[in-house]
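Here is the structure we will look at, set down as structure tokens.
The values are calculated or read from the model by the stated rules, or taken from the named source; none is laboratory data. The structure displayed is predicted, hence computed values, not measured ones. Cβ atoms come from the backbone with ideal geometry, glycine included; neighbour counts cover every protein chain shown. Note: accessible area is taken over every heavy atom of the protein model, side chains too, but ligands, DNA and RNA are not part of it. Shrake-Rupley method; radii C 1.70, N 1.55, O 1.52, S 1.80 Å.
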Amino acid sequence: MTDGPRILICDDEPGIRKTLSQILTDEGYTVDAVGLGQDALQRAFDADGPRPEAILLDVWLPDVDGLTVLDRLRAGGLETPVVMISGHGTVDTAVQAVKRGADDFLEKPLALERVLLTLDKVLERHRLAKERDALKRELLSRTGDEAARETLLGTGAAMTRLLDEIARAGASEARVLITGESGVGKELAARALHRASPRAAGPFVEVNGAAIPEELIESELFGHMKGSFTGAVEDRKGKWEQADGGTLFLDEIGDMSPRTQSKILRAIQDGRITRVGGARAFATDVRIVAATNRDLPALIRAGTFREDLYFRLAVVPLVVPPLSERPEDVPLLVTHFAESLARRRGRRAKTFEPEALEVLAKRRWPGNVRELQNLVERVLLMSPGPVVRTADLPPEDRPARASPVASDESVSYATLADAREAFERRYLARGRAPRPRPHDATQEDEGPRPRRRQGTRLGSRTSSGARERKRMPTPEDRLREVLEEYGGFLRRAIERLAPGRSGVLADDVEQEARIRVWKALQSGTEITDPPSYLCRVALTATVDAVRAARSRKEEPLDTRRPGDDAPIAEGPASPRPSPEAEVLQGERVAGLRRAVDSLPEPRRSAVRLHLRGFRPEEVGRLMGWSQAKARNLAYRGLEDLRAELRRREWNDGTAS
């Protein structure tokens, strides 16, 4: 007797039953044959014996009609595939059989290949349907509060309080602002809110504000119309419109630009959006859930985040606790990650010994749950046995061994010099000398560089001898360092390229170059060769400025001939006056001053300081503004000044 799929044959002709039984047995099936409809029903619903996985059922039977047997099978909840057989079949009979639940229909005389192919097809279809139903039941079981507790794991007081807040906030339509450190699970909290809300059947759409460029964020959020910009080949729905009737998750809201913040605020206030390039505004029904790992009140004080948008979003504030505040949840999370990885890889889950779990629970987790998940996956892949022991943990996770030589953390030094001397002594004891600082050959060629301000280097001390607090350099600090050392180099490069040509002011080009360098540093670009990089920035900024000036058909400010490309003398012996000094000479000075005086405050003050050569950060310190506000006021003031000069028919290069 074979172990293949069990097939039940119900036919009134003994010859057909015998022939089909022999053929199917030879093909590896387990066959059971009966000649009456009642016997077929008894075998199909037999609770004690094995049930068939497929049934070959004749339409004409001595006791009960084959279609009636089919109806009773389906009425009893039996989903076993049924293939109807008939020697007098018609199209109408076949249609009726399929409508009543038959999977296929065969006509007599039966062909061997057709019977085997039909059985393989219906058995495969039934297997796929069972897998689909199992997956569907699993997905449905992960909805609601149960799914929230499966994804946001934790039994401590902090997580219990968070889950209760999610349950209460999810039942409302209020906007929610989720805050917490990176890696704590803010997106999981947002999804739990969506599942606990009346919008659970609607879409959950995520927008990462830090991953989308500012030039594309408006199109990504609100969509665009065909032909609204280059590359818009068709109408496209935005994330806001896609989330209609559901939840829109604005992740990293603190990294969005002020312009994007204002557009989001307008959409929240009006409840209507307009696609880029479109003329019609339409209403949307969207619940906003925002998240950030930044300190929004501090950003509001710095002037980089809108206060009105903050109050619009923080109707219900939720704080996801870091892993350091709930170490009791580490063993539960480790077990969950180990089982999840085993299911994905189709392997048996490894276990962690209690000592290893205790070591992990005592460790500091700056990356929170995400760091713990990555470490668990690494340990499971690299550990040799079925049980993860303390020795299998990475070196930084092992408990520190007792050593007669004290470590850096266990010894405190009175001064930085003592700490450095102790480190050098230990370093030399290992047989390696510290690498000397390389000599900068360009320093002698280009002359002495400006001294760094005291305290900017790691380990510098104040006048009182106290060590300054170490912090990571910001893009503004890096820009200040680059321009302090290479600012003169940048200025000379711009003056060599095209000073005063086509209405281009060297100061305007220098300011644009500084802004481009700052943006590059803000995006994380590493400047390894500042002179070469600044040359490229100066060239691109000058070319863009010349093209813009020529497109406005402005006259050159310089009195030299276009073919005169003689280099400008450098050094204090023969200084060349700046283009602004040439412009502010003569009879045009009074008109330019009147145009500046006509500007409204505070733009007038910002433009005056800008024309006098003050940088935005210097203007901010003088006027008590933030650097961003000073730059914004200067830009807007210069635009107003250009418009005023054009209105007074001063289209002679001064307005560029």
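Can you name the residue in region 97-111 that is assigned to a loop (DSSP other than H, G, I, E, B) and not charged (D, E, K, R) and is also least open to solvent (accessible area, probe 1.4 Å) among such residues? Top of the filtered list is A102.
Of the residues making up region 112-127, those that are open to solvent by 90 Å² or more (accessible area, probe 1.4 Å) and free of Cβ contacts under 8 Å to residues at least 40 places away in the same chain number 5. Those residues that are open to solvent by 60 Å² or more (accessible area, probe 1.4 Å) and not aliphatic (A, V, I, L, M), I need them from region 378-397; list them, please. Scanning region 378-397 gives R378, P384, P386, R389, P395, E396. Scanning for something touching a His at 6+ places or on another chain (Cβ under 8 Å), open to solvent by less than 40 Å² (accessible area, probe 1.4 Å) and either in contact (Cβ under 8 Å) with a residue 40 or more places away in the chain or polar (S, T, N, Q) (or both), does region 221-234 turn up at least one residue? Yes; the residues of region 221-234 include at least one that is touching a His at 6+ places or on another chain (Cβ under 8 Å), open to solvent by less than 40 Å² (accessible area, probe 1.4 Å) and either in contact (Cβ under 8 Å) with a residue 40 or more places away in the chain or polar (S, T, N, Q) (or both). The set of residues in region 359-391 that are out of contact with any Phe, Trp or Tyr (no Cβ under 9 Å at 6 or more places or on another chain), more than 25 Å from G180 (Cα to Cα) and assigned to a helix (DSSP H, G or I) comprises R378, L381, M382, T390, A391. The set of residues from region 163-208 being of a type outside the set (A, V, I, L, M), over 21 Å from D295 (Cα atoms), touching a strand residue (DSSP E or B) at 6+ places or on another chain (Cβ under 8 Å) and in a loop (DSSP other than H, G, I, E, B) comprises S172, E173, S197, R199, G202, P203.
Would you say F105 is among the aromatic types (F, W, Y) and free of Cβ contacts under 8 Å to residues at least 24 places away in the same chain? Yes: the conditions hold for F105. From V286, V319, grab the single residue that is under 29 Å from G156 (Cα atoms) and among the β-branched types (V, I, T). Within the list V286, V319, the selection yields V319. Restricting attention to region 248-286, the residues that are open to solvent by less than 10 Å² (accessible area, probe 1.4 Å) and in a strand (DSSP E or B) total 4. If you take the residues in region 55-78 that are aliphatic (A, V, I, L, M) and more than 13 Å from D12 (Cβ to Cβ), which one is surrounded by the fewest Cβ atoms within 10 Å (Cβ to Cβ)? So, considering only residues that are aliphatic (A, V, I, L, M) and more than 13 Å from D12 (Cβ to Cβ), the one surrounded by the fewest Cβ atoms within 10 Å (Cβ to Cβ) is A75.
Residue-wise test of (1) open to solvent by 20 Å² or more (accessible area, probe 1.4 Å); (2) assigned to a helix (DSSP H, G or I).
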site: I288; (1), (2): no, no
site: I300; (1), (2): yes, yes
site: T304; (1), (2): yes, no
site: P317; (1), (2): yes, no
site: E328; (1), (2): yes, yes
site: P331; (1), (2): yes, yes
site: A338; (1), (2): no, yes
site: R343; (1), (2): yes, yes
site: A349; (1), (2): yes, no
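Of the numbered criteria (1) under 21 Å from H126 (Cα atoms); (2) over 60 Å from the mean Cα position of the chain (by Cα); (3) of a type in the set (V, I, T), the one V82 fails is (2). Note on region 45-72: residues that are in a strand (DSSP E or B) and within 56 Å of the chain's Cα centre (by Cα) amount to 3. Filter region 618-631 down to residues that are part of a helix (DSSP H, G or I) and at pLDDT below 80 and give me whichever is farthest from R647 (Cα to Cα). Restricting to residues being part of a helix (DSSP H, G or I) and at pLDDT below 80, the top hit is R621. Is it the case that R259 is basic (K, R) and at pLDDT 90 or above? Against the criterion (basic (K, R) and at pLDDT 90 or above), R259 does not qualify.
Please go through region 79-94 and pick out each residue that is over 25 Å from Q22 (Cα atoms), touching a strand residue (DSSP E or B) at 6+ places or on another chain (Cβ under 9 Å) and either in contact (Cβ under 8 Å) with a residue 24 or more places away in the chain or exposed (fewer than 14 other Cβ atoms within 10 Å of the Cβ) (or both). If the condition is that a residue be over 25 Å from Q22 (Cα atoms), touching a strand residue (DSSP E or B) at 6+ places or on another chain (Cβ under 9 Å) and either in contact (Cβ under 8 Å) with a residue 24 or more places away in the chain or exposed (fewer than 14 other Cβ atoms within 10 Å of the Cβ) (or both), then T93 is the only one that fits. Scanning region 22-34 for residues that are out of contact with any helix residue (DSSP H, G or I) (no Cβ under 7 Å at 6 or more places or on another chain) and in a loop (DSSP other than H, G, I, E, B) yields G28, Y29.
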